[in-house]
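The numbers here are math on the coordinates, done by the rules we state, and not lab data. Just so we're clear, the structure is a prediction, and the values are computed from it rather than from any experiment. When we count neighbours, we look across all protein chains shown, and the Cβ atoms used for this are built from the backbone with ideal geometry, even at glycine.
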Amino acid sequence: GAAAETKRWTLNDFDIGKPLGRGKFGHVYLAREKRSNHIVALKVLFKSQLKQSQVEHQLRREVEIQSHLRHPNILRLYGYFYDQKRVYLILEYAAKGELYKELQKCNYFSERRAATYVASLARALIYCHGKHVIHRDIKPENLLIGAQGELKIADFGWSVHTFNRRRTMCGTLDYLPPEMVESVEHDASVDIWSLGVLCYEFLYGIPSFEAKEHSDTYRRIVQVDLKFPSKPVVSSSAKDLISQMLVKETSQRLPLHKLLEHPWIVQNAEPS
Ligand SMILES: O=C(O)Cn1ncc2ncnc(NCCc3cnc(NC(=O)Nc4cccc(Cl)c4)s3)c21
């Protein structure tokens, strides 16, 4: 509630439980807020590492963006606090853990499971784009699974508020610094592309443009070198959807609301 937003949290407000995972910047622990007995995930980030990697502004942007997002398929960031050495993110706990581990275990998902995940991600991204937020980092490592098996997009560390194009379109680009010119290129359609790669990976167990060397992956992406393996067998309807998302021209990518009407989604996704 509103109280939670303004309250100054400290580590003493929590009982710390088992480690849930370790990321580049720090560890994640199961925790219980003592007063409410509410179970949360507590991500502990070392200030030294944040400073060293110059990502403090990214973290601030994530906290700001996440504080306005409320959606069943977006992992909540309830708040944060810090002490001398660390920053703590108070996060919704996703009881069934990391999606990429599930994908490694199964190799690839059934068409029904893949379509259900893709539909819920599309709904979450429609919600984000409606608030002019693009995630920009949709990949299995940033997806968690809730207690009822529902998908949760996590880690908005790379998300941005899209610039109001009218503001930049009528003004000349000439005086904009590279980072603003670059992000004008970044519009919401980047998430459609990533969702297409993710759909491919759900069905085949490998990302659509995987290659041994980075340079080869780069070339396959810019050439949209999309090939469908013969195994596992995947419906032509699924391949049709993926082919409409992995399109080089950003304006030609299948809009997310049209994705939800695609026959493969309609026939395979569990009702939300
Ligand atoms: O995933 C696991 O390891 C284990 N796991 N298992 C269950 C579970 N339930 C909830 N959360 C988990 N993990 C944390 C997920 C995150 C959400 N939001 C984040 N944001 C972030 O890291 N931001 C950030 C960090 C460093 C720099 C910058 Cl710029 C930004 S991480 C869970």
Cut-off under 18 Å on the C-alpha distance; same-chain residues fewer than 8 positions from LYS34 excluded. Which aspartates and glutamates are left, in chain and number order? GLU5, ASP13, ASP15, GLU92
Where a Cα-Cα gap under 26 Å defines reach, which lysines qualify for LYS227, not counting those fewer than 8 residues away within the same chain? LYS101, LYS105, LYS139, LYS212, LYS239, LYS248, LYS258
Ranked from fewest to most other Cβ atoms within 10 Å of their own Cβ, CYS106, CYS199, CYS128 fall in the order CYS106, CYS128, CYS199
What 222 nm value per residue comes from the helices of the chain, counting each DSSP H run with n ≥ 4 as -39,500 (n - 2.57) and dividing by all residues, nearest 500 deg cm²/dmol? -11500 deg cm²/dmol
Amide H to amide H, which residues 5 or more places from VAL133 or on other chains are under 5 Å from it, using H placed in the peptide plane? THR162
LYS7's amide H: which non-local residues (gap 5+, or another chain) put their own amide H closer than 5 Å, with H modeled 1.01 Å from N in plane and none for Pro or chain starts? none
Using DSSP to define loop residues, name the trypsin sites (Lys or Arg not before Pro) in the range 207-257 whose beta-carbon has at most 15 other beta-carbon atoms within 10 Å. LYS212, LYS227, LYS248
Connecting C-alpha atoms closer than 10 Å in a GNM of the chain, tell me which of GLN244, GLN49, GLN84 has the biggest fluctuation. GLN84
Kirkwood Rh in Å, taken over the range 1-106 so that all alpha-carbon pairs contribute: 14.7 Å
Give me HIS262, HIS27, HIS214 sorted ascending by neighbouring Cβ count inside 10 Å, so fewest comes first. HIS214, HIS27, HIS262
Taking just the alpha-carbon atoms of the chain, what radius of gyration and Dmax come out, in angstrom? 19.7, 56
Going from the fewest other Cβ atoms within 10 Å to the most, one would list GLU92, GLU64 as GLU64, GLU92
Summed over the other residues with a beta carbon less than 13 angstrom from that of LEU59, with K and R at +1 and D and E at -1, the charge totals +3
